[in-house]
Structure formats: structure tokens, C-alpha cells
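Step one of this worksheet: look at the structure below.
The values are calculated or read from the model by the stated rules, or taken from the named source; none is laboratory data. Note that this is a predicted model, so its numbers are computed, not measured. Neighbour counts run over all protein chains shown; Cβ positions are idealised from the backbone, glycine included. Calculation scope for accessible area: heavy atoms of the full protein, side chains included, ligands and nucleic acids excluded. Shrake-Rupley method; radii C 1.70, N 1.55, O 1.52, S 1.80 Å.
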Amino acid sequence: MATDYDAPRKTEEDLSEDSLQELQARRSDKNSGVVDEDETEAAEGFELPGADLSGEELSVRVLPRQADEFTCSKCFLVHHRSQLAFEKDGMPVCSECA
């Protein structure tokens, strides 16, 4: 926002009066909090640079669970045995979920 340094400066009393007047004007304007914009329409107009990945094909090599790993029964993530907190009814629980 541009600042006009040649304009007369307002005192704190003037500022408090202005803000009080603005608050009263906002209170009388009952539609000030209503937004008429549809979020989906607004989002359709934005294009992120490099966001078109429709022609891309990802190639990720997936390894099966190793002998020293376990699947947590709460978060279902595969962790190393060092992350094992305890086993409840034979179901392993990782230290993050414990």
C-alpha cells in the first residue's frame, strides 16, 4: 500500500475515532461477513506451473516386507523392528502409535 508522506498526520485520538466509526459502519452492514464466491469456481481458475502430470507415469520399485520389519496394527505402516513398542494380542504396535 502506498503511503503519502506529505499528508497531514493523524493523532491517536483521530485514529481511535476513525476506527470507532469504521466498526459502527461494519456493524450496520449485515452482509459484510457473507462471501458469495464458490470455492470450486475460484480454484478452477488457478493453474500451477508444472502441475499437469496427466501424461506422466510413475515407476516405483516396491519391496516386500523384510524379515526385520513389521506392520503396525494401528497405523498399518511398515517399520523396522527397532520401532516396535509392544505387541497387544499378538498384534505389533509401533513406538509412534504407542
Residue among S73, S59 that is without any contact (Cβ under 8 Å) to a residue 60 or more places away in the chain and open to solvent by less than 100 Å² (accessible area, probe 1.4 Å): S73
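Given the residues L53, L58, L77, which is the only one that is out of contact with any Cys (no Cβ under 6 Å at 6 or more places or on another chain) and at pLDDT 90 or above?
Numbers: L53 fails: at pLDDT 90 or above; L58 fails: at pLDDT 90 or above.
The conditions single out L77.
Regarding K10, is this residue modelled with pLDDT under 75, touching a helix residue (DSSP H, G or I) at 6+ places or on another chain (Cβ under 8 Å) and either under 30 Å from A98 (Cα atoms) or open to solvent by 90 Å² or more (accessible area, probe 1.4 Å) (or both)? Full working, then the answer.
On the way: modelled with pLDDT under 75: yes; touching a helix residue (DSSP H, G or I) at 6+ places or on another chain (Cβ under 8 Å): yes; either under 30 Å from A98 (Cα atoms) or open to solvent by 90 Å² or more (accessible area, probe 1.4 Å) (or both): yes.
So K10 passes the test.
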